[in-house]
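K.L.:
The structure that follows is given in the form of structure tokens.
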Amino acid sequence: MPDLREYLDRIAYDGPVSPSLDVLHALHRAHILAVPYENLDVQLGRPLTASREAAWEKIVGRRRGGWCYEMNGVFGLALELAGYDVTRVAGGVGRGGAPGMAGNHLVNLVRLPEGFWIADVGLADGPQDPFRLEAHAFSAAGFDFRLEDLGDGAWRLHNHDLGAAPYFDFRPVLADEALLESVCQAIQTHPESPKKLNALVMRHTPSGLLQLRGRVLREVTPEGRVAETLIATAAEWADVVRTRFDLDLPEAASLWPQISARHDTLFAAT
């Protein structure tokens, strides 16, 4: 049985946990500052599932990061252990204005006396705070977001301008777990899946965002300042993963040949 105390230690949180809006905000921000988004197991060819228990063992037990199924799976389970009313909701990250692929994202819908809130710690560089389920623009940690009512029960969260994913769509209803599992398998095995093609490690910091995409490390601030570093060697890349993202994963250095090849393919024209 997952132990809430172990999770609180993982996110370095020692405050109250009793269900309230203020505590939800505090837990959400603690998680997103402590646990990086990463898809390195996909890059290493290690099969993943949408199981909350497997994600708990990885993120809490082995102090790894994870992608949306894992990050929001663990967070939602921790909230339930703390007494929150949580519903797992299937989302779809999209590009170009078209609806996102249903099930390629997972978020948590939290019911509180103040209403319904979306708690999403798995968008990599999305909101640091939960947001109310109503059409509105809002800021979190200095970055600007917008929740749009698409009609017919559908919603779209527009990410900030410097985010990796521009938006995701969702319907605030209980997710079909079979759909989540099916899409989870597809996006880690399909040869054209961006998650399979690209190594991603991202995290929130008190001053902004760190985004490691392939060989490029970007440091982003809410004011729009972007500093980019091109990583030159496998040792340097593994050191960035360890020191900047707190991931003790020595085998990640073995990914360097495919990361370099992917970089060369993407930037061959320049």
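The values are calculated or read from the model by the stated rules, or taken from the named source; none is laboratory data. Just so it is clear, the model here is predicted, and its values are computed rather than measured. Every residue, glycine as well, gets a Cβ built from its backbone with ideal geometry; the counts of neighbours run over all protein chains shown.
K.L.:
Do we find a residue being exposed (fewer than 13 other Cβ atoms within 10 Å of the Cβ), out of contact with any strand residue (DSSP E or B) (no Cβ under 6 Å at 6 or more places or on another chain) and of a type in the set (A, V, I, L, M, F, W, C) anywhere in the range 210-228?
P.N.:
Within the range 210-228, none of the residues are exposed (fewer than 13 other Cβ atoms within 10 Å of the Cβ), out of contact with any strand residue (DSSP E or B) (no Cβ under 6 Å at 6 or more places or on another chain) and of a type in the set (A, V, I, L, M, F, W, C).
K.L.:
State all residues of the range 5-37 that are more than 21 Å from I118 (Cα to Cα) and not small (G, A, S); if no residue qualifies, say none.
P.N.:
Of everything in the range 5-37, those that are more than 21 Å from I118 (Cα to Cα) and not small (G, A, S) turn out to be R5, E6, D9, R10, D14.
Residues are listed down the side, and each one gets a yes or a no for (1) buried (at least 17 other Cβ atoms within 10 Å of the Cβ); (2) within 21 Å of G126 (Cβ to Cβ); (3) hydroxyl-bearing (S, T, Y):
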position	(1), (2), (3)
P206	no, yes, no
T233	no, no, yes
V240	yes, no, no
D246	no, yes, no
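K.L.:
Run down L162, L147, L157 and say which single residue is assigned to a strand (DSSP E or B) and within 23 Å of P206 (Cα to Cα). Quick ask: steps written out before the conclusion?
P.N.:
Numbers: L162 fails: assigned to a strand (DSSP E or B); L147 fails: within 23 Å of P206 (Cα to Cα).
Selected residue: L157, the only one of L162, L147, L157 that is assigned to a strand (DSSP E or B) and within 23 Å of P206 (Cα to Cα).
K.L.:
Of all the residues that make up the range 176-204, how many are without any contact (Cβ under 8 Å) to a residue 24 or more places away in the chain, of a type outside the set (D, E) and exposed (fewer than 14 other Cβ atoms within 10 Å of the Cβ)?
P.N.:
The total comes to 4.
K.L.:
So which residues in the range 1-22 are among the β-branched types (V, I, T) and more than 20 Å from the chain's Cα centre (by Cα)? Show your work before the answer.
P.N.:
At the first step, the residues of the range 1-22 found to be among the β-branched types (V, I, T) are 11, 17.
Within the range 1-22, V17 is the sole residue that qualifies.
K.L.:
Which numbered condition in (1) more than 29 Å from A30 (Cβ to Cβ); (2) modelled with pLDDT under 95 is the only one that P257 fails?
P.N.:
Checking P257 against (1) more than 29 Å from A30 (Cβ to Cβ); (2) modelled with pLDDT under 95, the one that fails is (2).
K.L.:
Okay, moving on. Looking at the range 16-34, is at least one residue in contact with a helix residue (DSSP H, G or I) (Cβ under 7 Å, 6 or more places away or on another chain), surrounded by 18 or more Cβ atoms within 10 Å (Cβ to Cβ), free of Cβ contacts under 8 Å to residues at least 60 places away in the same chain and assigned to a loop (DSSP other than H, G, I, E, B)?
P.N.:
no
K.L.:
Oh, and also: In the range 62-108, what residues are part of a helix (DSSP H, G or I), in contact (Cβ under 8 Å) with a residue 40 or more places away in the chain and surrounded by fewer than 20 Cβ atoms within 10 Å (Cβ to Cβ)?
P.N.:
We begin by selecting, within the range 62-108, every residue part of a helix (DSSP H, G or I); these are 68-81.
Keeping just the survivors that are in contact (Cβ under 8 Å) with a residue 40 or more places away in the chain gives 68-72, 74-79, 81.
Of everything in the range 62-108, just one residue is part of a helix (DSSP H, G or I), in contact (Cβ under 8 Å) with a residue 40 or more places away in the chain and surrounded by fewer than 20 Cβ atoms within 10 Å (Cβ to Cβ), namely L81.
K.L.:
Another question about this same structure. Only residues in the range 145-172 that are without any contact (Cβ under 8 Å) to a residue 60 or more places away in the chain and surrounded by fewer than 17 Cβ atoms within 10 Å (Cβ to Cβ) count as the first member; pair them with residues that are in a loop (DSSP other than H, G, I, E, B) and hydrophobic (A, V, I, L, M, F, W, C), Cβ under 7 angstrom, at least 6 apart or cross-chain, and list the lot.
P.N.:
Filtered contacts from the range 145-172: E148/A135; D149/A135.
K.L.:
Just checking, does the range 142-163 include any residue being of a type outside the set (S, T, N, Q), at pLDDT below 95, under 16 Å from the mean Cα position of the chain (by Cα) and in the same structural domain as D22 (by TED's automatic domain parsing)? Outline the logic, then answer.
P.N.:
Of all residues in the range 142-163, those of a type outside the set (S, T, N, Q) come to 142-158, 160-163.
Then drop every residue that is not at pLDDT below 95, which leaves 161-163.
Among the residues that remain, those that are also under 16 Å from the mean Cα position of the chain (by Cα) are: 162-163.
So of that shortlist, the ones also in the same structural domain as D22 (by TED's automatic domain parsing) come out as 162-163.
Within the range 142-163, one or more residues are of a type outside the set (S, T, N, Q), at pLDDT below 95, under 16 Å from the mean Cα position of the chain (by Cα) and in the same structural domain as D22 (by TED's automatic domain parsing).
K.L.:
Let me ask something else about it. Checking R46 against (1) at pLDDT 95 or above; (2) surrounded by 14 or more Cβ atoms within 10 Å (Cβ to Cβ); (3) assigned to a loop (DSSP other than H, G, I, E, B), which test does it fail?
P.N.:
(2)
K.L.:
Output the number of residues of the range 114-141 satisfying the condition of being in contact (Cβ under 8 Å) with a residue 24 or more places away in the chain and either over 18 Å from the mean Cα position of the chain (by Cα) or over 26 Å from G224 (Cβ atoms) (or both).
P.N.:
Total satisfying the criteria: 5.
K.L.:
Right, here's the next one. Give the residues of the range 1-11 that are surrounded by 11 or more Cβ atoms within 10 Å (Cβ to Cβ) and modelled with pLDDT of 95 or more, sorted by residue number.
P.N.:
Kept after step one, since they are surrounded by 11 or more Cβ atoms within 10 Å (Cβ to Cβ), are these residues of the range 1-11: 2-4, 6-11.
Result: D3, L4, E6, Y7, L8, D9, R10, I11.
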